[in-house]
Amino acid sequence: MTTTEELVAQVNKILDDIGIDLGELFQDFDPVRLALTLNRNLSLLEELEEELERRVGEGGPSVPMGDRKNRDPHLQWLYRKRHYRTLALERLRSAITAHKIALAILDANYTFKRGSSEIKATEIKDEKVKATRKPYSIGRVEILPYLAYSGDVLKLLARESLSVRDAFKEIKGRLREQGMVKTRSIRLEVEYFENNRLKKAHVSLPADADIEAELRKQFGRRFRWRVLSLVKTRGVLINNHYTVDNLALAYASFNPEKGAELLGLDIFRYYFLTSPADRETLGVFPGIKSCLDCHYSILDLPFRWDPNFKTGQGSLYIIRKCEMEEQLVGRKKDLSGVPNYLLGGVLLYGISNYDEKKVAEILGIPEDELTEAMKKFVISGLANVLFTKEEAKKFDKFMPKSDKAKQFLALLQG
């Protein structure tokens, strides 16, 4: 049985070899061969992680600087050994995350088939698989060569130019920023009379509720209240530092000048081209929020060109889309012919000031398919359910032209 130090050395050697071997694969890009190699590597790395995690455990003591007792060289040696083991485990987890991101991007951008059966990238065990490009892109295939498959993010970053390192800091800073606080609800303490006795109750109401009217419904006219607390939402966009490091390195290396903007656009597309169910399993951005409830500056970057740009614009579009997804629960049968990536284009068209051509450009989807989806959406009658009257008017141009078709549509919508 190998010692822990031998296992650490083995992990570092395997990760170094993976970084070299995968670099050669990108010179002649083949999604099937790449997926096959990534699956083999991932299986091995997860076995090593399980064994190393069992031996090292979660976290561990750091070296205390001010304690004289810990200046003992023997204690220092123990702390140092522990530190090296922890670093190897961190490197291993970073490499595993890079492999998972790469496989998810391949899955999101290619359709893999073995014979007539469609399979996922993680199920590829041999090269008897055909890959065809999907008509839309989630994530960015071009960043695949720049992910930290060896897990050594800082060593790879040190080899890059100053512009790449600056872009890395900017992207990482934006991904680690706390979202702007949004008040979701208000917690109140209410004093009221019941049977001529003074009583107290705690009540939670939505932030936009009419407090006096709501309390009058529950407690009549004789009451008084005070705010106990505001229930607020706050947090980072991606709650996984291995994902943040890999994305920052990949996008900064791919395009130092526009890396942050491209990542913001890809995250924006991720939310608009997928459904909530897709986002639970896709894994292109491990640890990302399933839906937004506050604003993030990185999502504003793709809209700086807009002359009517307002701070928080990108985040507001996504927040609105998430709200409409809740309204669509149970209504998808009316849109059975409209896939999720086209439905996202329809919704963005409705809530923004962009025409169908600009929407197709922003989301990277075919304009002709989007136009057909608009027509089906109009027939479903959902435009009047999801949008305001002003927004719904934008869809009038996709209404049927003939009188018979209009009469049929009126009967269909009741």
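The values are calculated or read from the model by the stated rules, or taken from the named source; none is laboratory data. The structure displayed is predicted, hence computed values, not measured ones. Methodologically, a virtual Cβ is constructed for each residue, glycine included, from the backbone with ideal geometry; neighbour enumeration extends over all protein chains shown. Heavy atoms of the whole protein, side chains included, go into the accessibility calculation; ligands, DNA and RNA do not. Shrake-Rupley method; radii C 1.70, N 1.55, O 1.52, S 1.80 Å.
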Practice task
Answer with yes or no whether LEU75 is assigned to a helix (DSSP H, G or I), closer than 21 Å to ASN41 by Cβ and either modelled with pLDDT of 90 or more or not small (Gly, Ala, Ser) (or both).
Solution key: no
Handout entry: Residue check, GLY330 open to solvent by 30 Å² or more (accessible area, probe 1.4 Å) and among the small types (Gly, Ala, Ser)
Key = yes
Handout entry: Near pairs, Cβ below 7 angstrom, 6+ apart or cross-chain, from the stretch 107-123 (assigned to a loop (DSSP other than H, G, I, E, B)) to any residue that is of a type outside the set (A, V, I, L, M, F, W, C)
Key = LYS120/ASP107
Problem - Count of the stretch 283-293 residues which are touching a strand residue (DSSP E or B) at 6+ places or on another chain (Cβ under 7 Å), in contact (Cβ under 8 Å) with a residue 60 or more places away in the chain and open to solvent by 10 Å² or more (accessible area, probe 1.4 Å) - result: 1
Completion exercise
Condition set of a type in the set (S, T, N, Q) and at pLDDT 85 or above, scope the stretch 4-17, selection surrounded by the fewest Cβ atoms within 10 Å (Cβ to Cβ): answer is GLN10
Practice task
Return the total of residues in the stretch 18-42 being in a helix (DSSP H, G or I) and open to solvent by 60 Å² or more (accessible area, probe 1.4 Å).
Solution key: 7
Exercise for the section: Test ILE365 against the criterion of being among the β-branched types (Val, Ile, Thr) and either in the same structural domain as THR122 (by the TED database) or open to solvent by 70 Å² or more (accessible area, probe 1.4 Å) (or both), and give yes or no. Expected result: no
Exercise for the section: Determine whether VAL346 is of a type in the set (A, V, I, L, M, F, W, C) and out of contact with any Lys or Arg (no Cβ under 7 Å at 6 or more places or on another chain). Expected result: yes
Completion exercise
Scanning the stretch 348-362 residue by residue, those in contact (Cβ under 8 Å) with a residue 60 or more places away in the chain and surrounded by fewer than 22 Cβ atoms within 10 Å (Cβ to Cβ) turn out to be ILE362
Practice task
Could you tell me whether the stretch 146-162 includes any residue that is in a strand (DSSP E or B), open to solvent by 80 Å² or more (accessible area, probe 1.4 Å) and in contact (Cβ under 8 Å) with a residue 60 or more places away in the chain?
Solution key: no
Exercise for the section: Check TYR271, TYR296 and return the single one that is in contact with a helix residue (DSSP H, G or I) (Cβ under 6 Å, 6 or more places away or on another chain) and modelled with pLDDT of 95 or more. Expected result: TYR271
Exercise for the section: Could you tell me which of the residues TYR296, TYR341, TYR271, TYR317 is buried (at least 17 other Cβ atoms within 10 Å of the Cβ) and farther than 23 Å from THR371 by Cβ? Expected result: TYR296
Handout entry: Failed item in (1) surrounded by 17 or more Cβ atoms within 10 Å (Cβ to Cβ); (2) of a type in the set (S, T, N, Q); (3) at pLDDT 85 or above, with SER380 passing the rest
Key = (3)
Exercise for the section: Say whether the condition of being surrounded by fewer than 17 Cβ atoms within 10 Å (Cβ to Cβ), modelled with pLDDT of 90 or more and not aromatic (Phe, Trp, Tyr) is met by at least one residue in the stretch 103-112. Expected result: yes
Exercise for the section: Might you check whether a residue that is of a type in the set (Gly, Ala, Ser), surrounded by fewer than 22 Cβ atoms within 10 Å (Cβ to Cβ) and touching a helix residue (DSSP H, G or I) at 6+ places or on another chain (Cβ under 8 Å) occurs anywhere in the stretch 260-267? Expected result: no
Handout entry: Residue selected from the stretch 232-259 under the condition farther than 15 Å from LEU301 by Cβ and open to solvent by 70 Å² or more (accessible area, probe 1.4 Å), by the criterion modelled with the lowest pLDDT
Key = LYS232
